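Quick note: the coordinates plus some simple rules give every number you see, no bench work behind them. Here the structure is a predicted model, which is why all the values come from computation and not from measurement. Neighbour counts are summed over all protein chains in view; Cβ atoms, including those assigned to glycine, are modelled from backbone coordinates with ideal geometry.
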């Protein structure tokens with residue numbers, strides 16, 4: 001059994017496990033410092049004493065679980081953030097983006113209530129943390145790290161289990177959290193570009209990332225600033241293209257849209273299995289369930305049950321919405337990007353979302369792109385995901 005803690009500049013890495021595992025993780029950390037200036041970091045020449053000074057028992061360190069990597073700043077009225085390293089129960093860090101609570105009114109002119117991404121288990125939270133990068137798997141757990149080939153071939157259930165295994169507060173990114181980021185990008189006027197054309201952005205091939213060996217995926221974080229949610233180096237990367245991302249807490253079943261209550265998909269005890277009891281209807285502003293009517297290139301969101309059914313794909317700009325629903329806005333189920341595509345199977349059965357598009361999606365990719373026509377058991381090479389985190393309130397905080 002080996003233990004190591006490496007500190008360099010404002011970045012810290014801590015690991016415990018077999019000699020081979022610790023050696024591999026330490027090597028990745030040092031390679032990242034030596035070869036690649038990750039967004040939000042600055043690495044000058046690596047000091048030779050980093051192992052000598054940094055190799056200490058993590059149990060002896062008087063440090064918290066979170067290491068700030070950038071200075072907080074306001075990026076929009078009511079929204080500010082930090083980039084932090086958060087360690088899971090295996091002692092391995094993930095680079096995470098902290099987002100402060102915002103209301104629907106601040107995001108898209110809705111009501112004054114907090115966006116559902118900040119309501120978990122009936123509690124309103126001041127902040128949530130989203131992986132800066134699509135995740136890579138290490139020893140069966142997902143991590144947000146730069147300069148990595150993002151994981152693929154995952155199912156929602158397997159990825160959710162892996163995220164929850166990281167410890168309290170860790171969870172798969174939820175549909176509510178994705179909806180928050182999509183709305184925030186739209187509000188800021190910074191809808192992200194990405195790897196949509198075999199390593200480059202279809203709109204301008206000067207925008208490209210570094211391809212992973214023998215792959216059309218780009219290494220996480222290697223694209224330009226426009227590939228982040230706010231078009232800054234320290235934004236959330238790769239929400240458009242590269243790989244589709246599985247999300248918890250949204251589905252369509254027998255033609256009707258369903259969600260977890262608020263952001264309860266972030267809780268392991270929430271039963272979101274196919275026959276789970278914690279699914280709620282997505283409704284219009286009058287409380288009526290929202291159904292989908294689809295046929296070929298026509299998709300309609302409606303409250304008319306008689307119209308539900310069919311399979312369709314369309315640019316979001318051509319999707320029709322026959323009801324007024326703040327919930328559709330919350331989950332970014334609207335034409336925030338007119339050219340991004342919406343694919344929906346409203347036939348009998350259950351279908352789970354993936355969002356964002358992948359390396360060959362072209363103009364149909366985007367943070368608003370939605371694929372809601374795959375069963376939860378499906379697993380494809382272009383399906384990945386990212387973990388998220390919240391610091392669970394203790395009883396004294398309530």
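What the table shows:
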read-out: Neighbour-count ranking [beta-carbon atoms within 10 angstrom, fewest first] of 355, 101, 251; value: 101, 251, 355
read-out: Cα-derived Rg to Rh of the stretch 160-243, Kirkwood definition; value: 1.03
read-out: Cα-based Rg of the stretch 114-154 normalised by 2.2 N^0.38 Å, two decimals; value: 1.55
read-out: Packing-based exposure ordering (other Cβ within 10 Å, fewest first) of 201, 178; value: 201, 178
read-out: Fewest-first ranking of 163, 275, using other Cβ atoms within 10 Å as the exposure measure; value: 275, 163
read-out: With 5 Å bins from 0: P(r) over the stretch 306-372, alpha-carbon pairs, percent; value: 4, 17, 26, 27, 19, 6, 1, 0
read-out: With eigenvalues of the C-alpha gyration tensor scaled by 5 and rooted, the stretch 281-398, Å; value: 25, 21, 15
read-out: Per residue convex hull volume, Cα atoms of the stretch 248-331, in Å³; value: 99 Å³
read-out: Tail fraction, Cα-Cα pairs, the stretch 272-314, threshold 14 Å, whole percent; value: 56 percent
read-out: Isotropic mean projected area of the C-alpha convex hull, the stretch 198-345 (nm²); value: 10.9 nm²
read-out: Using distinct alpha-carbon pairs, which all enter the 1/r mean, Kirkwood radius of the stretch 114-203 in Å; value: 15.1 Å
